Amino acid sequence: MDMLLQFIANGLVSGAFYALSALGLTLIFGLMRVVNFAHGELYMLGGVMGWLATTVLGLNFFAGLALTLAVMGACGWLVDRFLIERVRDQGEEPSILLTIGLSIFLTNTALLLVGTAPLTIEGPLPNKPVFLGPVVLTELRVFAVAACAVLILAAHLVIRHTRLGRAMRATFQDPMAARLAGINTARVYASTFALGTMLAASAGMLLGSIYSTHVSAGGLVSLKAFVVVILGGMGSFAGAIVGGLLLGLAEALWGGYISTGTVDIIGFIIVILTLIFKPYGLFSTQVERA
Amino acid sequence: MKFERNTLLALGLIALAFPLLVGNQYLLHIGIMVLLYAMLATSLNLIVGYVGEFSLGHTAFLGLGAYSAALLSLRLGLPAWATIPLAGVISALFGVLIGAITLRLRGPYFVIITLAFAEVLRLIANNWVDFTNGPMGLSGVAQPALLADASPLMAKRFYFYLALALTAVSLYLAYRFVYSNNGRAAVTVRENRFVAQSVGIRPFVYAMRAFVLGAFLAGLAGGFYAHYITFVGANVFGFAFMVSMIIMVLIGGKGTLIGPLLGALLVTLLTEYLRELQELRLSLFGLIVMAVVLFLPNGLMGFLNQRRERNHSDQADNGATGVQGGPA
């Protein structure tokens, strides 16, 4: 029984990260109809940038996070303006191929520049255990989950309560009408892509401070983000959060009670089952099916 | 149609003569890899080019074929002439199963679910140690008995002709499929699903046929791979093979029969040429994929076909103006 609570706690911790990394993907898909296959690589770049900022430049964790967010936001903006922009309104396939190409390029270029060694990011708190009843966590993990929650809340506030957020929601509802109302949709798209990239990069840096990050992590992260987004419903904010927590829990329980070697399989089984039985996902915001 | 057929026959003749002119094992090996990838690219092209859906999980069928051939050969002692066709059949059976689930979905959902299937199979191959020998893989897949006391050069020549025969079978089947009512219906579905449905074409049925044929051909290629390399590990399900296949189909031009062959030839040679620059090579591949999507969306064959059509129409215009009083 004690173990069950521990598994649940571990599952919720990793679930928070899945939610944060999936949020960027679901935003980009929901608004831009772009399925970003390079999402995991942007997450990975966040980890690598965080490592560069804290270890090589010697910044503290928070300054490093701010720098990472700024740089990755700019990267996201540029990717949209120079790549995605060119295949906008050409349907889904060109953007899928384009982002697959981008992910291959980013992974292997990072591999070339940084190497395969795991990169550890110095966290802001020591790795001291915290006892919550029968459950043991570390201070760093509690901090990271709190940081995830803050970032998710911040993204929510940006979308709900800023001028940019209003423009985003308008574009999401009807791009043509938004343009007629004087919204510069090209800028909205680029901002959305930048926001999604920043969310992925922050997840990469936070998780890099708990475990360690390495440059070939991107592929698996992309896949898990897709699992979460499909489970929660493409384009749904709440769905990404619930889906992320569910995936984290499912993996922790599977790893605890069945087998640790095949943990990654559970996500794919979830995808296959969701797409067969509930293709809209749990929380789809619009009537749209696969 | 005639152009494609004649080009394919000419390429086949060149390939027939190749091992007789070349006595170098390394070059023969490259030739064999070109043929292997030609098979794989042709089979993926049936799905990408004729179903019009983008599969990221085509390695599932390559891997199923390779593992089937290896297991049949190692556990049951079947000879290669039986295991390779059986590999194709087993792969096709899985194609029916996977296709029945995945082909209900379209666009990004199809991409992700096919990828999920390939990943599930990879994880199973890596973890089911009793059956697949896990990460150690299956080594020592038997070579055909014929080669017991052949010289290495003769063995390479034998494999080259075996690969050529399989490629020819693959292309023949693909050709027959593409230029049949099946293929034309599939193209209609690809071009406009609703028009196709309105004239009584059921998209699912035709997509399924193309998908299963693609799975069969990839399984054949996998079976050949198992016997040629004599080792099968979970990497046959991996993303590296998938990336190569995608690039070949895209560069060559999807939806044409010659395109994937051209792609297989170009990419395999380029890979060999850049062998010393391992990681840089993959970075370059990433850039190539992006460049092709942006600048050459229909691949080399699409580009050439466009040129050819423009020339034809130019000539037709010239002919029309040459005849006095002809229809304008």
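The values are calculated or read from the model by the stated rules, or taken from the named source; none is laboratory data. All figures in this text were calculated on a predicted structure; none of them were measured in a lab. Counting neighbours? That spans all protein chains shown, and the Cβs are built from the backbone with ideal geometry, glycine included.
Worth pointing out:
- Candidates in region B:281-296 are the residues that are more than 7 Å from every other protein chain (Cβ to nearest Cβ) and out of contact with any Leu (no Cβ under 6 Å at 6 or more places or on another chain); of these, the one that is surrounded by the most Cβ atoms within 10 Å (Cβ to Cβ) is B:I288.
- Residue ID - farthest from the other protein chains (Cβ to nearest Cβ), chosen from residues in region B:124-148 that are assigned to a helix (DSSP H, G or I) and of a type in the set (A, V, I, L, M, F, W, C): B:L146
- Only one of B:V249, B:V243 that is in contact (Cβ under 8 Å) with a residue 40 or more places away in the chain and either surrounded by fewer than 24 Cβ atoms within 10 Å (Cβ to Cβ) or polar (S, T, N, Q) (or both): B:V243
- Check on A:T262, within 13 Å of another protein chain (Cβ to nearest Cβ) and surrounded by fewer than 22 Cβ atoms within 10 Å (Cβ to Cβ): yes
- Unique match (being within 11 Å of another protein chain (Cβ to nearest Cβ), in contact (Cβ under 8 Å) with a residue 12 or more places away in the chain and under 23 Å from A:M72 (Cα atoms)) among A:S191, A:S212, A:S216: A:S216
- Number of the exception - A:V130 against (1) of a type outside the set (F, W, Y); (2) over 30 Å from B:V289 (Cβ atoms); (3) within 14 Å of another protein chain (Cβ to nearest Cβ): (3)
- Taking the conditions (1) over 11 Å from the mean Cα position of the chain (by Cα); (2) at pLDDT 85 or above; (3) part of a helix (DSSP H, G or I); (4) more than 14 Å from chain B (Cβ to nearest Cβ) in turn, A:A200 satisfies each one other than (1).
- Selected residue [assigned to a helix (DSSP H, G or I), β-branched (V, I, T) and touching a residue at least 12 places away in the same chain (Cβ under 8 Å)] from B:I14, B:I32: B:I32
- Enumeration of residues in region B:231-270 that are over 17 Å from the mean Cα position of the chain (by Cα) and over 30 Å from B:W128 (Cα atoms): B:L270
- Looking only at region A:247-259, and only at residues there that are at pLDDT below 85 and more than 11 Å from chain B (Cβ to nearest Cβ), the one that is nearest to B:L115 (Cα to Cα): A:G255
- Taking residues in region A:111-125 that are over 24 Å from B:L284 (Cα atoms), and partners anywhere that are surrounded by 14 or more Cβ atoms within 10 Å (Cβ to Cβ) and of a type in the set (F, W, Y), the pairs with Cβ atoms closer than 6 Å and at least 6 places apart or on different chains are A:L119/A:W51; A:I121/A:W51; A:P124/A:F61; A:L125/A:F143.
- Residue satisfying all of: in region B:46-59; part of a helix (DSSP H, G or I) and touching a Leu at 6+ places or on another chain (Cβ under 8 Å); nearest to B:A221 (Cα to Cα) among these: B:L46
- Residues being within 14 Å of chain A (Cβ to nearest Cβ), touching a His at 6+ places or on another chain (Cβ under 8 Å) and of a type outside the set (A, V, I, L, M) - total across region B:82-123: 1
- Applying the criterion of being more than 7 Å from chain B (Cβ to nearest Cβ) and assigned to a helix (DSSP H, G or I) to the residues of region A:88-121, the residue that is surrounded by the fewest Cβ atoms within 10 Å (Cβ to Cβ) is A:L113.
- Hits in region A:130-140 - residues which are surrounded by 10 or more Cβ atoms within 10 Å (Cβ to Cβ) and assigned to a strand (DSSP E or B): A:V130, A:L132, A:V135, A:V136, A:L137, A:T138
- You will find that of A:G218, A:G208, the residue that is part of a helix (DSSP H, G or I) and either within 12 Å of the chain's Cα centre (by Cα) or of a type in the set (S, T, Y) (or both) is A:G218 and no other.
- B:L97 passes every criterion in (1) under 30 Å from A:V227 (Cα atoms); (2) out of contact with any helix residue (DSSP H, G or I) (no Cβ under 7 Å at 6 or more places or on another chain); (3) modelled with pLDDT under 85 apart from (3).
- Boolean, B:V236 is without any contact (Cβ under 8 Å) to a residue 24 or more places away in the chain, farther than 30 Å from B:L20 by Cα and assigned to a helix (DSSP H, G or I): no
- Boolean, B:A41 is within 30 Å of B:M154 (Cα to Cα) and modelled with pLDDT of 90 or more: yes
- Residue within region A:174-197 that is aliphatic (A, V, I, L, M) and not in a helix (DSSP H, G or I) present: yes
- Residue within region B:60-75 that is closer than 22 Å to B:M208 by Cβ and either among the hydroxyl-bearing types (S, T, Y) or part of a loop (DSSP other than H, G, I, E, B) (or both) present: yes
- Residues of region B:258-280 satisfying the condition of being under 19 Å from B:L8 (Cβ atoms) and either modelled with pLDDT under 80 or loosely packed, with under 15 Cβ neighbours inside 10 Å (or both): none
- Criterion: touching a residue at least 60 places away in the same chain (Cβ under 8 Å), within 14 Å of another protein chain (Cβ to nearest Cβ) and either out of contact with any Phe, Trp or Tyr (no Cβ under 9 Å at 6 or more places or on another chain) or part of a helix (DSSP H, G or I) (or both) - qualifying residue of A:G30, A:G11, A:G47: A:G30
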